[in-house]
Amino acid sequence: MSLPALLDQRLRLPVVAAPMFLVSNPKLVLACCNNGIVGSFPALNQRESSGFRAWLEEIEAGLGADAAPFAVNLIVHHSNPRLQADLAICVEKRVPIVITSLGAVKEVVDAVHSYGGLVFHDVTTRRHAEKAAEAGVDGLIAVAAGAGGHAGTWSPFALIAEIRQFFDKTLLLAGCLNHGHEIFAAQMLGADLAYLGTRFIATQQSDAETRYKQMILDARAADIIHTPAVSGVPASFMRQSLEAAGYDLKRLADKGDINYGEKLKPVSDEAKAWKTVWSAGQGVGNIRDLPTVDELIARLDQEYRAARETAVQLGQRWAR
């Protein structure tokens, strides 16, 4: 297991609450960090860089003395016109962890390393992981089959095992993780940290609409459709929201356009990625309530510790 000094002995649970577009906010981040897990948000959740800076200042002011570090997600894609401005703010504000998506670029990694920050990068295949490792990232987020958002199609068993063949730094696993025993299972597979997204959408502090949260409570794994048609990158969405937005379910293999600049424009009445089409992972079938973040983390903690005890008992039973 490999945890950098920034995280070692600073976490109540080995968990990162994933940055979710239009869902994560300072209130959610602070609730996570002040309860001992890494909270995060996408820089693009604020429509301008000035608002992004304001959110960072709000988070800095609200962190307790023993809080876990927080993270910011940057979209490293040529269509994101704010990348350089937001990266400069991250450097100025010394953001502890930067989560990069859609591009592992050494210049971005070097900028974050210049002040001692960490870079974790989303990957869905071995090839993506190898490229990110070459760029010098500090951690890889293995986004396995069944995850929400921009998910991969590889089994977590295959993805974790292949990455561990060449990467000995911090490894996170994403995909259908809702309970403490699943966090423990992620570690048993070889991950250092669990990366939870959908479970934190369905909390009282998230910015998800009430209808979005209710759809998560009502959905099952069979309702999750993995398609590139919405954002141009294969991602997982709930069937009910796709239908409500007018998507032809028979044509969801068609690729959409990748353009993060468009996401900065005011939302029109048309269905837009993430605004009216709602993402979730296959783990929705095991989410049945809307707790506060405090309540959820306390539950995860209890479940995680129980799983560790169960593992000891199983080891004793099967010892030879």
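The values are calculated or read from the model by the stated rules, or taken from the named source; none is laboratory data. No experiment lies behind these values; they were computed from the predicted model shown. In this analysis, Cβ positions are derived from the backbone assuming ideal geometry, glycine residues included, and neighbour counts consider all displayed protein chains.
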Exercise. Mind checking which residues of segment 281-305 are surrounded by fewer than 20 Cβ atoms within 10 Å (Cβ to Cβ), in a helix (DSSP H, G or I) and not small (G, A, S)?
Worked result: N286, D294, E295, R299, D301, Q302, E303, R305
Seminar exercise, completed: Scanning segment 150-184 residue by residue, those more than 21 Å from Y304 (Cβ to Cβ), crowded, with 22+ Cβ neighbours inside 10 Å and out of contact with any helix residue (DSSP H, G or I) (no Cβ under 6 Å at 6 or more places or on another chain) turn out to be A151, G152, L159
Exercise. Mind checking whether some residue in segment 51-65 is touching a residue at least 40 places away in the same chain (Cβ under 8 Å), part of a loop (DSSP other than H, G, I, E, B), surrounded by fewer than 18 Cβ atoms within 10 Å (Cβ to Cβ) and not hydroxyl-bearing (S, T, Y)?
Worked result: no
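How many residues does segment 113-135 hold that are in a helix (DSSP H, G or I) and either surrounded by fewer than 24 Cβ atoms within 10 Å (Cβ to Cβ) or charged (D, E, K, R) (or both)?
Pass one, segment 113-135, residues in a helix (DSSP H, G or I): 113, 126-134.
Retained after the next criterion (residues that are either surrounded by fewer than 24 Cβ atoms within 10 Å (Cβ to Cβ) or charged (D, E, K, R) (or both)): 113, 126-128, 130-131, 133-134.
So the answer is 8.
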For this session: Taking L173 as the residue in question, decide whether it is part of a helix (DSSP H, G or I), at pLDDT 95 or above and not polar (S, T, N, Q).
Result: no
Exercise. Restricting to helices (runs of 4 or more DSSP H) lying wholly in segment 193-250: which have 2 or more residues that are surrounded by fewer than 16 Cβ atoms within 10 Å (Cβ to Cβ) and hydrophobic (A, V, I, L, M, F, W, C)?
Worked result: none
Seminar exercise, completed: Scanning segment 136-149 for residues that are within 15 Å of the chain's Cα centre (by Cα), crowded, with 20+ Cβ neighbours inside 10 Å and either part of a loop (DSSP other than H, G, I, E, B) or modelled with pLDDT of 95 or more (or both) gives G139, L140, I141, A142, V143, A144, G146, A147, G148
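Using the structure shown, decide if A31 is part of a loop (DSSP other than H, G, I, E, B), crowded, with 21+ Cβ neighbours inside 10 Å and in contact with a helix residue (DSSP H, G or I) (Cβ under 9 Å, 6 or more places away or on another chain). Steps first, answer last, please.
On the way: part of a loop (DSSP other than H, G, I, E, B): no; crowded, with 21+ Cβ neighbours inside 10 Å: yes; in contact with a helix residue (DSSP H, G or I) (Cβ under 9 Å, 6 or more places away or on another chain): yes.
No: the conditions fail for A31.
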